[in-house]
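The values are calculated or read from the model by the stated rules, or taken from the named source; none is laboratory data. Bear in mind that the values here come from a model prediction, so they are computed numbers and not experimental data. Reconstructed Cβ throughout: ideal geometry from the backbone, glycine too, with neighbour counts over all protein chains shown.
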Amino acid sequence: MAKENNDKVTIDLFVGQAKRGRPRTNPLSREEQLKVNKRRQLRRDRINGLRRIELKVDQALYDALNLHAEQQGVSRSELIESMLRTALPKATCSSSSSNKPGKN
């Protein structure tokens with residue numbers, strides 16, 4: 001029986017052919033890879049003494065923060081952190097930053 005290149009019904013004839021595209025290098029699906037990477041990022045942040053804060057704001061404030069951060073050339077997170085440091089008393093910020101990373 002002759003092999004037809006467009007015949008995909010008989011899979012065994014095409015086992016030896018390389019597939020197009022980049023070869024798969026990770027056994028996990030992309031979704032699982034993203035979950036693992038996120039877990040690792042959060043662990044690195046904790047080790048470096050960073051803590052996560054979630055904040056919900058209305059759309060107008062969100063847009064204003066984005067615009068101001070873009071004008072300053074920093075990320076929105078860095079802008080909010082600098083605003084919080086400015087708003088809080090110096091003693092509060094300096095005493096909390098002297099703690100060793102990884103300790104609660």
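Give the residues of region 48-61 that are modelled with pLDDT under 95, hydrophobic (A, V, I, L, M, F, W, C) and loosely packed, with under 10 Cβ neighbours inside 10 Å, sorted by residue number. Within region 48-61, ILE53, LEU55 meet the criteria. Report the residue count in region 19-56 for those that are in a helix (DSSP H, G or I), among the β-branched types (Val, Ile, Thr) and closer than 23 Å to LEU84 by Cα. Here the count works out to 1. The residue pairs whose first member lies in region 57-73 and is under 15 Å from MET83 (Cα atoms) and without any contact (Cβ under 8 Å) to a residue 12 or more places away in the chain, whose second member is among the β-branched types (Val, Ile, Thr) and surrounded by 10 or more Cβ atoms within 10 Å (Cβ to Cβ), and whose beta carbons are closer than 9 Å, counting only pairs six or more residues apart or on different chains, are ALA69/ILE80. Comparison of ALA87, ALA64, ALA91 shows that the only residue that is aliphatic (A, V, I, L, M) and either modelled with pLDDT of 95 or more or surrounded by 10 or more Cβ atoms within 10 Å (Cβ to Cβ) (or both) is ALA64.
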